[in-house]
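Reviewing the structure listed below.
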Amino acid sequence: MKVVRAEIPDVLIITPDVYRDDRGYFLESYNSEAFSAAGLTMNFVQDNESLSRKGVLRGMHFQNPPFEQGKLVRVVKGAVMDVAVDLRKNSPYYGKWCSVILTEENKLLFWLPPGFAHGFLTLEDNTVFSYKCTQVYNRESEECIIWNDPDLKITWPEKTPIITDRDRNGKRFKDFNSRFIY
């Protein structure tokens with residue numbers, strides 16, 4: 001397993017060991033001992049999976065403290081542009097974003113610690129997106145920053161994605177009062 005820091009150093013891009021042979025491949029998408037040996041201690045309590053057609057944008061979602069979630073995300077089938085926005089008030093990266101392309105071919109994992117908004121845009125039809133969470137879903141603590149916020153300036157490759165009303169009506173970053181004090 002190889003771990004690389006993204007542009008925001010607490011966000012990690014993880015390349016798992018993939019074992020291929022004439023039958024196909026095998027990989028461990030998560031192994032607590034291997035992650036601990038790499039200095040990554042996480043306690044996952046919920047797994048989620050979504051299926052989306054090309055051009056679907058989901059985000060920018062997060063849960064406020066004390067229900068904040070760390071997420072270990074990956075693509076099982078297809079491809080996404082995955083984005084993390086730093087919401088930690090005391091971070092030098094507050095309001096900054098980073099992204100990675102996750103595909104079924106590259107098998108990368110993206111670790112977003114608690115204190116980040118998360119979103120992704122599907123780049124292929126029938127994309128299956130999977131993620132592990134460090135906290136269970138809590139509707140009352142959930143919020144959304146609008147995906148195309150002019151202050152964040154996320155450079156999505158799709159200008160008219162397929163989105164829900166919830167995502168279309170997300171908060172502007174300038175109107176967001178962060179409760180993430182780390």
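The values are calculated or read from the model by the stated rules, or taken from the named source; none is laboratory data. Please read these numbers as outputs of a predicted model, since none were measured by experiment. Cβ sites come from the backbone with ideal geometry, for glycine too, and all protein chains shown count toward neighbours.
What the table below lists for this structure:
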item	result
Options E142, E104: the member that is closer than 19 Å to R74 by Cα and of a type in the set (D, E)	E104
Matching strands (runs of 3 or more DSSP E) fully within region 65-182 where at least 2 residues are under 29 Å from N43 (Cβ atoms) and hydroxyl-bearing (S, T, Y)	97-103, 127-133
Pair list, Cβ under 7 Å, 6 or more apart: region 97-108 residue over 14 Å from T127 (Cα atoms), other residue of a type in the set (A, V, I, L, M) and in a loop (DSSP other than H, G, I, E, B)	W97/L152; W97/I154; C98/A6; C98/I8; C98/V11; V100/A6; V100/L108
Condition check for F67: surrounded by fewer than 17 Cβ atoms within 10 Å (Cβ to Cβ), under 28 Å from L152 (Cβ atoms), aromatic (F, W, Y) and within 18 Å of the chain's Cα centre (by Cα)	yes
Residues that are outside any loop (DSSP other than H, G, I, E, B) and acidic (D, E), drawn from region 1-53	D21, E33, D47, E49
Residues that are of a type outside the set (K, R) and either surrounded by 20 or more Cβ atoms within 10 Å (Cβ to Cβ) or within 13 Å of P113 (Cα to Cα) (or both), drawn from region 80-90	V80, D82, V83, A84, V85, D86, L87
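Residue by residue, here is whether (1) out of contact with any Leu (no Cβ under 6 Å at 6 or more places or on another chain); (2) over 22 Å from R168 (Cβ atoms); (3) at pLDDT 95 or above; (4) buried (at least 18 other Cβ atoms within 10 Å of the Cβ) holds:
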site	(1), (2), (3), (4)
I101	yes, yes, yes, no
E104	yes, yes, yes, no
W111	no, yes, yes, yes
P114	yes, yes, yes, yes
G119	yes, no, yes, yes
N126	yes, yes, yes, no
F129	yes, no, yes, yes
T134	yes, yes, yes, no
Y137	yes, no, yes, no
